[in-house]
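The structure under discussion appears below in the form of structure tokens.
The values are calculated or read from the model by the stated rules, or taken from the named source; none is laboratory data. Quantities reported herein were computed from a predicted structural model and do not represent experimental measurements. Every residue, glycine among them, receives a Cβ derived from its backbone with ideal geometry; neighbour counts consider all protein chains shown.
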């Protein structure tokens, strides 16, 4: 089974490392460097699972999870959040937003792979394309 995964991580080095490990274990990985780019990707396809960093510039992972849950096409897609500072408060916030789990970084690749394999088995393959496209509202240059 090849599961299609959206990987959202603002650190280029970490994103490329995670993507390489995941591809090496049979995942088809689509990458995004922030929450806005992730929403652009989600307008193109519906993954079997999303893995997102929590602390990112612009739109953080918690807001991304909320938006994923608000879109009918992605509302049921499992989301795994990652954080370099996984405090109990951060975990509660991510879980309240709709994440299935919050994993600490640095990430043990075996733990991630086991968690993803379990989620992909629990959630059968979904349609790969959205029937409607959602515009992504980005803040103006220089912020609001």
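One table, with the values for the structure above:
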{"quantity": "Residues (crowded, with 16+ Cβ neighbours inside 10 Å, free of Cβ contacts under 8 Å to residues at least 24 places away in the same chain and farther than 12 Å from residue 50 by Cβ) located in the stretch 99-116", "calculated": "103"}
{"quantity": "Filter result (surrounded by fewer than 22 Cβ atoms within 10 Å (Cβ to Cβ) and in contact (Cβ under 8 Å) with a residue 40 or more places away in the chain) within the stretch 56-73", "calculated": "57, 58, 71, 73"}
{"quantity": "Given (1) within 17 Å of residue 104 (Cβ to Cβ); (2) at pLDDT 95 or above, index of the condition residue 54 fails", "calculated": "(2)"}
{"quantity": "Qualifying residue in the stretch 88-98 (condition: in contact (Cβ under 8 Å) with a residue 40 or more places away in the chain, in contact with a strand residue (DSSP E or B) (Cβ under 6 Å, 6 or more places away or on another chain) and assigned to a strand (DSSP E or B))", "calculated": "no"}
{"quantity": "Filter result (in a helix (DSSP H, G or I), within 17 Å of residue 61 (Cβ to Cβ) and touching a helix residue (DSSP H, G or I) at 6+ places or on another chain (Cβ under 8 Å)) within the stretch 2-46", "calculated": "18, 35, 38, 39, 42"}
{"quantity": "Search result, residues across the stretch 47-62 that are under 14 Å from residue 100 (Cα atoms), out of contact with any strand residue (DSSP E or B) (no Cβ under 6 Å at 6 or more places or on another chain) and part of a loop (DSSP other than H, G, I, E, B)", "calculated": "none"}
{"quantity": "Unique match (being touching a residue at least 12 places away in the same chain (Cβ under 8 Å) and touching a strand residue (DSSP E or B) at 6+ places or on another chain (Cβ under 8 Å)) among 21, 79", "calculated": "79"}
{"quantity": "Residue count, the stretch 63-87 (criterion: farther than 17 Å from residue 7 by Cβ and not in a loop (DSSP other than H, G, I, E, B))", "calculated": "4"}
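For every residue, the table says whether it meets (1) under 11 Å from the mean Cα position of the chain (by Cα); (2) at pLDDT below 95.
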position: 11; (1), (2): no, yes
position: 23; (1), (2): no, yes
position: 41; (1), (2): yes, no
position: 50; (1), (2): yes, no
position: 69; (1), (2): no, no
position: 76; (1), (2): no, yes
position: 84; (1), (2): no, yes
position: 91; (1), (2): no, yes
